Amino acid sequence: MIPVFWLDLRRSRSLILWVGLVAVLYAGVMVAFYPSVLANAEEFDRMVEIYPKELLAAFGITDGGISDPGTYVNSYIFQFLWPVVASVAAIALATRPAADATSGFLDLPLSSRLPRLDYLAVTIGVQVVSLAMLSALTVAAIVAVDLLIEPDFDTGRIALAGLHLFAMAIAIAGATTALAVALLDRGRAAGLMAGILMIMYLLNVVAGLAPEFGDLGRLSVFYYFDLQPVIDDGVFPAGESLLYLVVAVAGWVSAAAIFRRRDLAT
Amino acid sequence: MTSVIQADGLTKSYGSRRGIVDVDLAVLEGEVFGFLGPNGAGKTTTIRVLLGFLRPTSGRATILGQDCWREAPRAHALLAYVSAEPAYLGHLTAGEQLDYMARLRGLPRGAWRSAAERLELDPTVAVRKLSRGNRQKVGVVQAFMGDEPLLIMDEPTSGLDPLMQREFLAMVAEVRAAGRTVFLSSHNLQEVERACSRVGIIREGRLVDVTTVRDLQASHWRSVNLVLQSPAPETLFDLPNVQVVSASARDAHLMVQGDVNPLLRRLATIDVADVAISTLDVEDIFLRLYEGDREAGDGSGPPGSDGHRPSGGNVEGERNGPGEELAGRGRERAR
């Protein structure tokens, strides 16, 4: 298992590097910008009011002034950045077994003494490590830049938020893994999951704007992604994180059940 | 003698599509078993079922007693496998790729070096920069780097140049001499003739024959094109295993079944300007062995005489037997 793990992790280097760079740069720049936001809070709030609330809701900006740390970090950093970062990284990592099956590379480890489930467990392990690294990089960028300039954010609360970032990412990864091994086609699995996530995003926006569709939002992975209470009050969204964890584990267990018995036809 | 591979009634269907049907097979310890068949006949499906990549629809296969589906990892510990088109990670060097496979198989790092040297594979080059032949060498090297009792090879020499093919055959011979078993799927009849003791022939998913190479050689046809210095005597080609496809004053295109020596002895009595003997490809042999029989009642000539026609043979207009049409149809279908 160990050679497969290291090789798979090595294959994830570029993904972690480039997606991580995007996350670090975006989060870092936004944190560096925060003192200016604080100094010009009234002007910023007036500017934000110009935009239609539907547009703001689409980007997760629903309540609170921009100078509020919880609103700023949640809406302008996490809500903007993390759905894209988590989706791209989780889909790329979780569809790898399908890509390897199509290319024939999967034949190499699976013609050795390595059982199928061990192989899948290794790829899941790499998903977990890679997504944890991306979560940690994002949190580290926020904390580092915040400490370098005027410290405005509670480091412990940002770290707690990082746990929720990770939980959301593995939920997407778990579901995508199940799709990927069921279809054994990276393009179809990635396209399908991307489509599902976009529909979920819209569902969440519609649910936020129209109370009559409020319950529909519960079907969206993004409904449970609100980090303002963590940043402002230090209240960790344990229920939401647990739900993400359940989805992730259910996805991986389903993937294992499918992968164990399915044909590996290329 | 122990059966290394044992398949009983092995069937794999993909919904309504045929995969393999009722394949019974026993590959014995220490033999090199050739597995012949045209494209789409079911060779790769059979191999993938043996490797536990595909679940049999019915029937059962074992490798040294280990069930190929239920006990696949145990079976895999007993074999080395190379696929027809091995896929590697382009950014790894050939050496890194081979080390990865070595570690998966419990072999030490660098276990591949002697095989790589024999096949003149540069392990420092990234796989994406390797030619198709060199990529194929990586697969062949990884198959030969261990000492597992069974080697399963799916068209391992496609893309290798003739010198490397010869080296490959030498390596197969050494493996056989060491008492290990080789299951060699191939299109290349000459390769199978040189390497194998027995062959199984699969066609349209069914194992239609398991025979010795000697019997296969005896039954298969060769195409002979002759240019003579002077007109040939009328009875020159009157031999029981020779059929004249076309003949003019100084040119002749013959089909010879089995032993060519009687014909060569006849040719030694006349002045021959040029002679070219070629082996038919596997598909032509299948058509001859299995469909040709069906057409025999029509009195047709030997089918598939265009299989490997040497240059200069101008027989197109003269091939008019029903067997010829059959050959063409069969080839289209097989491909």
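The values are calculated or read from the model by the stated rules, or taken from the named source; none is laboratory data. None of the values given here were measured: they were computed from a predicted structure. Counting neighbours? That spans all protein chains shown, and the Cβs are built from the backbone with ideal geometry, glycine included. For the accessible areas, the whole protein counts, side chains as well, though only heavy atoms, and no ligand, DNA or RNA atoms are used. Shrake-Rupley method; radii C 1.70, N 1.55, O 1.52, S 1.80 Å.
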> Just checking, how many residues over segment A:147-186 are over 18 Å from A:Met30 (Cβ atoms) and of a type in the set (D, E, K, R)?
Replying inline: 2
>> Looking only at residues that are hydrophobic (A, V, I, L, M, F, W, C) and crowded, with 18+ Cβ neighbours inside 10 Å in segment A:193-212, which one is nearest to A:Val253 (Cα to Cα)?
In response: A:Met193
>> I need every pair where a residue in segment A:122-148 that is touching a residue at least 40 places away in the same chain (Cβ under 8 Å) has its Cβ under 7 Å from the Cβ of a residue that is open to solvent by 30 Å² or more (accessible area, probe 1.4 Å) and outside any helix (DSSP H, G or I), sequence separation at least 6 or different chains.
In response: A:Val122/A:Met1; A:Asp146/A:Asp152
>> The conditions are (1) open to solvent by less than 30 Å² (accessible area, probe 1.4 Å); (2) within 25 Å of A:Val122 (Cβ to Cβ), and A:Val249 fails exactly one of them. Which is it?
In response: (1)
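Consider segment B:223-241. How many of its residues are within 30 Å of B:Ala41 (Cβ to Cβ) and surrounded by fewer than 20 Cβ atoms within 10 Å (Cβ to Cβ)?
The qualifying residues number 1.
Which members of segment B:178-187 meet the condition of being in contact (Cβ under 8 Å) with a residue 60 or more places away in the chain and either farther than 21 Å from B:Phe144 by Cα or open to solvent by 30 Å² or more (accessible area, probe 1.4 Å) (or both)? Walk me through how you get there before you give the answer.
The initial filter retains those residues of segment B:178-187 that are in contact (Cβ under 8 Å) with a residue 60 or more places away in the chain, namely B:179-187.
B:Gly179, B:Arg180, B:His187, listed by residue number.
Could you please let me know if A:Val246 is assigned to a helix (DSSP H, G or I), free of Cβ contacts under 8 Å to residues at least 60 places away in the same chain and under 17 Å from A:Ile172 (Cβ atoms)? Walk me through it before giving the result.
Numbers: assigned to a helix (DSSP H, G or I): yes; free of Cβ contacts under 8 Å to residues at least 60 places away in the same chain: yes; under 17 Å from A:Ile172 (Cβ atoms): yes.
It is true that A:Val246 is assigned to a helix (DSSP H, G or I), free of Cβ contacts under 8 Å to residues at least 60 places away in the same chain and under 17 Å from A:Ile172 (Cβ atoms).
Among the candidates B:Phe35, B:Phe53, single out the residue that is surrounded by 17 or more Cβ atoms within 10 Å (Cβ to Cβ), more than 13 Å from chain A (Cβ to nearest Cβ) and among the hydrophobic types (A, V, I, L, M, F, W, C). Steps first, answer last, please.
Working: B:Phe53 fails: more than 13 Å from chain A (Cβ to nearest Cβ).
Being surrounded by 17 or more Cβ atoms within 10 Å (Cβ to Cβ), more than 13 Å from chain A (Cβ to nearest Cβ) and among the hydrophobic types (A, V, I, L, M, F, W, C) holds for just one of B:Phe35, B:Phe53, which is B:Phe35.
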> Among (1) away from chain A (no Cβ under 14 Å); (2) crowded, with 21+ Cβ neighbours inside 10 Å; (3) in contact with a Pro (Cβ under 9 Å, 6 or more places away or on another chain), which single condition is B:Phe144 missing?
Replying inline: (3)
>> Within segment B:125-140, does at least one residue satisfy the condition of being closer than 22 Å to A:Val4 by Cβ, of a type in the set (Gly, Ala, Ser), within 9 Å of chain A (Cβ to nearest Cβ) and buried (at least 20 other Cβ atoms within 10 Å of the Cβ)?
In response: no
> Mind checking whether some residue in segment B:91-114 is buried (at least 20 other Cβ atoms within 10 Å of the Cβ), over 29 Å from A:Arg116 (Cβ atoms) and in contact with a helix residue (DSSP H, G or I) (Cβ under 8 Å, 6 or more places away or on another chain)?
Replying inline: no
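Counting only residues that are touching a residue at least 60 places away in the same chain (Cβ under 8 Å), among the aliphatic types (A, V, I, L, M) and closer than 26 Å to A:Pro115 by Cα, how many does segment B:29-55 have? Write out each step before concluding.
First, the residues of segment B:29-55 that are touching a residue at least 60 places away in the same chain (Cβ under 8 Å): B:29-47, B:50-51.
With the extra rule that they be among the aliphatic types (A, V, I, L, M), the set shrinks to B:32, B:36, B:41, B:47, B:50-51.
Filter once more, so that each one left must be closer than 26 Å to A:Pro115 by Cα: B:47, B:50-51.
Summing the residues that are touching a residue at least 60 places away in the same chain (Cβ under 8 Å), among the aliphatic types (A, V, I, L, M) and closer than 26 Å to A:Pro115 by Cα in segment B:29-55 gives 3.
Quick grid of which residues meet (1) open to solvent by less than 40 Å² (accessible area, probe 1.4 Å); (2) farther than 15 Å from B:Ala84 by Cβ:
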site: B:Ala116; (1), (2): yes, yes
site: B:Leu119; (1), (2): yes, yes
site: B:Phe168; (1), (2): yes, no
site: B:Arg176; (1), (2): no, yes
site: B:Val208; (1), (2): no, yes
site: B:Leu216; (1), (2): yes, yes
>> Can you tell me how many residues within segment B:66-109 are free of Cβ contacts under 8 Å to residues at least 60 places away in the same chain, of a type in the set (Ser, Thr, Tyr) and at the interface with chain A (Cβ under 8 Å from one of its Cβ atoms)?
In response: 2
> B:Thr269 fails exactly one of the following numbered conditions: (1) more than 26 Å from the chain's Cα centre (by Cα); (2) modelled with pLDDT of 90 or more. What is the number of that condition?
Replying inline: (2)
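Any residue that is of a type in the set (D, E, K, R) and at pLDDT below 90 - is there at least one of those in segment B:167-180?
In the first step, residues of segment B:167-180 are kept if they are of a type in the set (D, E, K, R); the result is B:167, B:174, B:176, B:180.
From what is left, the residues that are at pLDDT below 90 are none.
Scanning segment B:167-180 turns up no residue that is of a type in the set (D, E, K, R) and at pLDDT below 90.
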> Can you tell me how many residues in segment B:1-32 are out of contact with any Asp or Glu (no Cβ under 9 Å at 6 or more places or on another chain), closer than 15 Å to B:Ile202 by Cα and open to solvent by less than 20 Å² (accessible area, probe 1.4 Å)?
Replying inline: 3
> If you scan segment A:213-234, which residues turn out to be loosely packed, with under 13 Cβ neighbours inside 10 Å and not in a helix (DSSP H, G or I)?
Replying inline: A:Gly234
> Among A:Ala256, A:Ala173, which is the only one that is modelled with pLDDT of 95 or more, over 24 Å from A:Ser75 (Cα atoms), out of contact with any Cys (no Cβ under 9 Å at 6 or more places or on another chain) and assigned to a helix (DSSP H, G or I)?
Replying inline: A:Ala256
